[in-house]
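*Asks:* Could you have a look at this structure, given as structure tokens, before my questions?
Read-outs: derived from the displayed coordinates by stated rules, not from any lab. Quick caveat, the model's predicted, so the values are computed rather than measured. Cβ atoms come from the backbone with ideal geometry, glycine included; neighbour counts cover every protein chain shown.
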């Protein structure tokens, strides 16, 4: 197995370089002294940003792109049949999967804080990173989103603390080296890879087993699967949540008119510091509690955490306000499974509005099939639901699932729902039906955020 330390001064070629994780890693490798090139299937904000940094990015996957590379790095979505991977194999160029690289980069840190879980990883990782910076520490950071506070998705800091989002997809987090694990929740997802919930729980058990004897496992004490997992680990455990049995809890909890919570961080019933969040929803209270628990383990006081959290702004595409058109506020959210979309809509419902339009871009055929029943009701809080075609991502169309099947199932519940296969269809419907004071939220980890950009580019006077 190649090791990234052996490639300083050499060329690493990254296939799928435009991905949120890969683009950040590209910047880290460049700062570490490697020559970085890459390729992606389409031009994007991320690929253009990399090119502005002096990184050569090819649009389209072609065998000749790997010629002259010393190492090829690929994301989990890139199969061995990809022409660049196939050419690298023919030329005997060493290859490394993204998760392996990330695991190697975090080796040797005294504190490797790994945030895992089905939902909330990016926001919690971002919160922890921001607190540590505000506390005067110098963390190295890797998150699966764009955080303005660190100028992107990664930050190269000192060699004491590494903060990373640890994703369970493809069991990639088993390549990591955590010293502190934070688990936000454990639910059914990625059932194109895992057999069932028990299989997912087993993967998390294997991840927690990577913790050293002096490691810490911090978990959501309100989540039954997490609680059972904590009972099985052999290291120190810390719980957070709303329940009275949790060690870190919110006391004197109250929400303002936009759904943002104010509360006291309390440990084992003792209030320590007051925080007023600027991000809405109960799940952000949970993220803040997880952050408090993790930062306490590296010596940050509750007062410092509370001050930092009171100024925290969410990463891009996490209930992000993108603008107002025709008096209609536009938001976008990365939520791509039913639980995440329901949370996003609960946030949206707390904002002043007349009617709430939910625009869902279902993500991957396998997820829609396995969580179909949950998809039917996740947008119940919306006044109208628009559903686009399924975003395939890494998958091929199996031919037995289609967005219209979801539309029909929701329609049978009596909810207002319409099939808008393309962005043009969705924009046309919205412009014909919205009114001043309404709110639109687009949801998916696909490219649905580009619909917001399209609508805003067309402006107030655009007509079809």
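*Asks:* Please express the Cα-Cα pair-distance distribution P(r) of segment 106-309 as a list of whole percents, one per 10 Å bin, running from 0 to the bin with the greatest distance.
*Replies:* Result, from short to long distances: 9, 38, 38, 14, 1 percent.
*Asks:* Taking a quarter of the surface of the Cα convex hull of segment 69-134, what do you get in nm²? Please report the intermediate quantities before stating the final value.
*Replies:* Values: hull surface 25.6 nm².
Taking the Cα atoms of segment 69-134, their convex hull projects to 6.4 nm² on average.
*Asks:* Follow-up question, since we're still on this one. Just order 441-448, 246-253 by mean Cβ neighbour count inside 10 Å, highest at the front, would you?
*Replies:* Numbers: 441-448: 24.6, 246-253: 18.5.
Ranking, from highest mean packing down: 441-448, 246-253.
*Asks:* So how far, in whole Å, is the C-alpha centre of segment 62-90 from the one of segment 424-464?
*Replies:* If you average the Cα positions of each part, the centres end up 38 Å apart.
*Asks:* Using the Kirkwood radius over C-alpha pairs as Rh, can you work out the diffusion coefficient of segment 4-97 via Stokes-Einstein at 37 °C, viscosity 0.692 mPa s, in µm² per second?
*Replies:* Details: Rh = 12.8 Å.
For the chosen part, D equals 257 µm²/s.
*Asks:* Once each part is reduced to its C-alpha centroid, what is the distance from segment 122-175 to segment 368-421 in angstrom?
*Replies:* The two parts, judged by their Cα centres, are 33 Å apart.
*Asks:* Something else: Antiparallel DSSP bridges in the chain: what percent, to the nearest 5?
*Replies:* 25 percent
*Asks:* Go ahead and estimate [θ] at 222 nm for the chain from helices alone: -39,500 (n - 2.57) per DSSP H run with n ≥ 4, summed, over the residue count, rounded to 500. Walk me through the numbers on the way to the answer.
*Replies:* Numbers: 15 runs with 150 residues, N = 464.
The per-residue figure over the chain is -9500 deg cm²/dmol.
*Asks:* Any idea what % of Cα-Cα pairs in segment 370-464 are farther than 17 Å? Mind showing how you got there, number by number?
*Replies:* Details: 2434 of 4465 pairs.
Pairs farther apart than 17 Å: 55 percent.
*Asks:* Further question on the same structure: Provide the gained length on full extension for the span residue 326 to residue 411, in nm with one decimal, where the gain is 0.36 nm per separating residue minus the Cα-Cα distance.
*Replies:* On the way: separation 85, 0.36 × 85 = 30.60 nm, distance 2.80 nm.
Between residue 326 and residue 411, full extension yields an extra 27.8 nm.
*Asks:* Ranked highest first by average number of other Cβ atoms within 10 Å, how do 381-390, 295-304 line up? Please report the intermediate quantities before stating the final value.
*Replies:* Numbers: 381-390: 21.1, 295-304: 17.9.
In descending order of packing, they fall as 381-390, 295-304.
*Asks:* While we're here: With only alpha-carbon atoms counted, please give the Rg and Dmax of segment 134-174, in Å.
*Replies:* Expressed in Å, the Cα Rg and Dmax of segment 134-174 come to 11.5, 35.
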